[in-house]
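Everything on this sheet refers to the single structure shown next.
The values are calculated or read from the model by the stated rules, or taken from the named source; none is laboratory data. From a predicted model like this one, the values you see are computed outputs, not experimental measurements. In this analysis, Cβ positions are derived from the backbone assuming ideal geometry, glycine residues included, and neighbour counts consider all displayed protein chains. Only protein heavy atoms, including side chains, enter the accessible area calculation; ligands, DNA and RNA are left aside. Shrake-Rupley method; radii C 1.70, N 1.55, O 1.52, S 1.80 Å.
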Amino acid sequence: MSCQDVRVIVPVKSFEGAKRRLAPLLSVRERATLARFMLADVLAAAIVAVGRQSVAVVTSADQVADYARRAGVGVIDDEGAPGTNAAVKAGFARIAARRGGPILALASDIPGVISTDIAALISTAERSRVALAAAPDDGGTNALACDMAGRIPPCFGPDSLARHVAAANAAGVRPVILLNRRLGLDLDEPHHLMQFLDQATSTQTDAYLRSLKLEERGGCGFEISAPRQAICAGSLAI
């Protein structure tokens, strides 16, 4: 697939060793399987939003690359990037040389995301040049959409939302922040799994987590409550 087709990139380091903060609840093998299912759900939403030919996974892990190819999406080699920001930069650099138009970097651990969320990020970036999806728990960012690759540098990680806003302001851009429960919930900590299952989604991730019967695992303080109906959605220009 040519980079000129890509509109959504998903950086993924590896499946093995993923999600170590979930170790109190999940084994190494379960965490690796969860990472695959989360990626599957994110890719499925992106494919519906922009088409299979416009989605690529950024990775240097053979297992992840093989999985992406089986899913029918592109693969961009991150050339051994040491972290998410370096991987996104590598993806943006490849795309910037081949195409114009909006580009979205999307986290691989937000399995509740749906196609309309992705479409909203891209269309907002077309109008406002930069759109961000907030991760409220740690002040982070789960998605960065720009009207062109490289509009602002990626600053993913805890407290990165403020850094992204500052980078956009420095570039003369007033970014739009999308406040959305699906985009905002990345599965990093055991309590995030409970919050995700409360949403009762029809995702592969939901089915897998329920198959593990997490509420029966003693000493984890894990309890699945009744599904919550309210979805927080909106936007904020800064």
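Assorted remarks:
- GNM top mover of Asp66, Asp206, Asp159 - the chain, alpha-carbon springs below 10 Å: Asp66
- Amide H contacts under 5 Å for Ala135, placed H, 5+ residues apart: Gly140, Thr141, Asn142
- Taking a Cβ cut-off of under 11 Å around Pro136, the surrounding Lys, Arg, Asp and Glu residues balance to a net charge of -2, with basic ones at +1 and acidic ones at -1.
- In the chain, the calculated helix contribution to ellipticity at 222 nm averages -11500 deg cm²/dmol per residue, counting -39,500 (n - 2.57) for every DSSP H run with n ≥ 4.
- Helix 160-170 vs. the chain, principal-axis angle (Cα, 0 to 90°, nearest 10): 10 degrees
- Accessible-area composition of the chain, carbon plus sulfur, in percent [1.4 Å probe]: 51 percent
- Long-range HN-HN contacts of Val75 with modeled amide H, under 5 Å: Val57
- Residue of Pro153, Pro24, Pro190 that the Gaussian network model of the chain assigns the largest fluctuation, springs spanning Cα pairs under 10 Å: Pro24
- The aspartates and glutamates whose alpha-carbon is closer than 13 Å to the alpha-carbon of Lys213, local same-chain residues fewer than 8 away aside, are Glu30, Glu223.
- Helix axis angle, 28-50 relative to the chain longest principal axis, alpha carbon, degrees: 40 degrees
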